[in-house]
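Notes follow the structure.
The values are calculated or read from the model by the stated rules, or taken from the named source; none is laboratory data. All of these numbers come straight from a predicted model, not from anything done at the bench. With ideal geometry, Cβ positions are generated from the backbone for all residues, glycine too; neighbour counts draw on all protein chains shown. Ligands, DNA and RNA are excluded from the accessible area calculation, which covers all protein heavy atoms including side chains. Shrake-Rupley method; radii C 1.70, N 1.55, O 1.52, S 1.80 Å.
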Amino acid sequence: MAQGHIIPFMELAKLIHHRRRCTITVVSTPANIRALISSFPSTPTFRLVPLPFDPTHHSLPASSESCDTLSTPLFVRLLHASLSLRPAFSFLLSDFLSSPSAPSRLCVIADVPTSWACEVAESLGAHHAVFSTCGAYGTTSYFSLWQHLPHARTDADEFPVPSFPDSFRLNRSQLPSYLRAADGADVWSAFFQPAIATSLRSKSMLCNSVEEVETSGFRLLRNYTGLRVYAVGPLLPFLDEKKSYKRAGKAHGLSVDACLEWLDAHPPASVLYVSFGSQNTISARQTMELAKGIEASGKAFIWVIRPPVEFDIGGEFKNEWLPEGFEERMRESARGVLVRDWAPQLEILSHASTGAFLSHCGWNSALESLSRGVPMIGWPLASEQFYNSVMLEEELGVCVELARGKEVVVPGKEVERVVRVVMGEERGAELRRRAVVLRELLEDSMKEGDGEGKGSSLKAIDEFLEIALSGKSQMNGGSLNS
Ligand code: UDX
C-alpha cells in the first residue's frame, strides 16, 4: 500500500509472467487496483483483484489507501489498518484453491508489511515467499534495528547494530524520527516487530537487488534471516523497452513529452534531477534553502515539488515556500522546471542530459539512478534510506550525502557546494565513472543466456520459480544460499 512497493511488485509480476507464463493474481485494496488497471488491464492470466477495504472504518481519510497521501501519524494507522485485509485474503485463497480451475501449484509472494499473507498460504498448503522491495543491506539494517532497538539501550549518539560487524556503528541522526522514539511499546514497533518476525518464518525471501552489487549485504541478510534469499533485482524496465515506460504510478505533473523536450534542449550530463520519492518531503525552511542553493549552483534542474512536511502533503504547492519569483526566473531562463507532485522519473533518469540525482535514497530511486549510470546526492529522510545512503557513498562510491533527516537545516551555500562537486570535473568525474560500472553490473544481472551466460538475477528468479511452481524440494534448488 505504497507506490515504492507497488512499482517493484508489478515489475516482479511482469518478470515472473514473462519467464513462466503462469497465472499471476495481483491483490491490493480497491483504490490501488483501480490506479493500476489503466497500465495493466486484467487478462485471464494476469489478473488484478481488489480486497474490500474502507479507510474511513480505520479513522483514515476516504480513499487513503497508499502512504503517499498520508502524514507520518496516519501512515502508521494505514499500516495497522492493512491487518484487516487478512480474512478477505484468506477467503480469496480458499476460494481459489477449491474452484474447479484450481491451479496445481500456488505460490503467494507477500510484501514485508503484509507478511501475514505467508501465514495464510502456509495454513492452506500453498508455497510462499516474502519480497523485500529494499536492498540487502537496507533490509538487514531495518530488520535488525526494529527487532533489537539498539539505540534504546544506550544514551550514546553512536551504537552498534546487532548482526553487523563490531566496527559498524550507526548514529541517532540515521534513524527516522519514529524509530528513534521507539521503545518496543509504541505503535510503530507494535506493527513492525510482528511483521518482521512473520517475514522470517516465510519459506524464502526475494530481494530487489543484485548479488554482485551488494555481495556483503547479501551475506549479512542471509546470516540475519536464515532464509533462502534470492537476489532478483533490479526490477525495472530496461532502456530497450521504449522511450516512455508503462509502469505503475500516478498521473504526471508534467507530461513525458514535455520533460523530454526540455531535457533535449540541454547538453549531456548537465541537468540535476531532484526528487524525494513517493511519500516524503522536507521542511518549508529547507525547501527555501534548497532552492537558493540550486539557483546559486548555476546548474539546470528538474525538481519534483510537494508541500513541506508541516503542511498537507496531498495539498497544493504554494509559491510562498520558494524564494520570490523563483519559478518564473527559472522558467524564463530555461534554467529549471518545477514538477508538481509526480514526474516521469525513469524517463528523466534515462535521458542523456541528466547528470546527477538529488534523492532521498529510496531503494527504487537508487536502483533507477544506478541502472542509468547517474551519480547521486543523498538526502535520506525515512525508512531504510539512511543505510542505502551509507552504502551508496561508502561501499559503491556513487553518492555524496548532503544531509539526513527532515529536521536538519542545510544552508543554501552547502547545497550549492555539493551540487558543484557532484556535477563537477574532479570528484564528479569519478562518481560518474563508478555509476557506469554499476550500470553494467545491473545490466549483466538481467542478461538472457544459458549456463554461465545467464545473469545472476535471472538465474535466481528461475531457480525460485522452479522450486515454487514445480514442487521441487528446497534442498534440491541451486546454490545461491549455500
Ligand atoms: C520507500 C523506501 O524508502 C524504499 O527504500 C522502499 O524500498 C520503498 O518505500 P519511496 O519513498 O517510495 O520509498 O521511494 P523509492 O523507493 O525511491 O520509490 C519511489 C518510486 O516512485 C520510484 O520507482 C520512482 O521512479 C517513482 N516516482 C517517484 C516517480 O515515478 N515519480 C516521482 O515523482 C516520484
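Using a ≥ b ≥ c from the Cα gyration tensor of the stretch 246-291 (square roots of the eigenvalues), is it rounded, prolate or oblate, where a/c under 1.5 gives rounded and otherwise the larger of a/b and b/c decides, a/b for prolate? Judged from the Cα gyration tensor, the stretch 246-291 comes out oblate (a/c at least 1.5, b/c at or above a/b).
Give the cross-link partners of Lys246 among the lysines, using a straight C-alpha distance below 17 Å as the criterion and excluding same-chain residues fewer than 8 apart. Answer for Lys246, where 17 Å is the Cα cut-off: Lys14, listed by chain and number. In loop segments of the stretch 293-396 as defined by DSSP, the GluC sites (Glu not before Pro) with at most 14 further C-beta atoms inside 10 Å of their C-beta are Glu310, Glu316, Glu324. From the square roots a ≥ b ≥ c of the eigenvalues of the alpha-carbon gyration tensor of the stretch 253-442, which class results: rounded (a/c under 1.5), prolate (a/b over b/c), or oblate? It comes out rounded by the Cα gyration axes. The residues packed around Ser389, meaning those with a beta-carbon under 13 Å from its beta-carbon, carry a net charge of -4 if Lys and Arg are +1 and Asp and Glu are -1.
Potential lengthening of the chain between Ser63 and Lys250 amounts to 65.9 nm, from the contour at 0.36 nm per residue minus the alpha-carbon distance. Among the trypsin sites (Lys or Arg not before Pro) found in the stretch 3-49, those both in a DSSP coil and sparsely packed, with 12 or fewer other Cβ atoms within 10 Å of their Cβ, are Arg21. Comparing Ser389, Ala352, Val422 along the charge dipole axis of the stretch 320-429, the residue lying farthest to the positive side is Ala352, per the Cβ-charge model. Neighbours of Ala152 by Cβ distance under 13 Å: Lys/Arg scored +1, Asp/Glu scored -1, total 0.
Largest first, the residues Thr23, Thr225 sort by 1.4 Å accessible area into Thr23, Thr225. Under 12 Å from the Cβ of Ala126, count the other residues' Cβ atoms, weight Lys and Arg +1, Asp and Glu -1, and hand me the total. Spelling it out: positives minus negatives among the neighbours equals 0.
Note on the chain: Rg/Rh from C-alpha atoms, Kirkwood Rh, equals 0.95. Taking 0.36 nm per residue of separation and subtracting the current Cα-Cα distance, fully stretching the chain between Ala258 and Thr215 would add 11.5 nm. Annotation note: chymotrypsin sites (Phe, Trp or Tyr not before Pro) in the stretch 98-206 located in DSSP loop regions with a Cβ neighbour count of at most 14 within 10 Å are Phe168. The mean sequence distance of close C-alpha pairs (under 8 Å, at least 6 residues apart), as a share of the length of the chain, puts its relative contact order at 16 percent.
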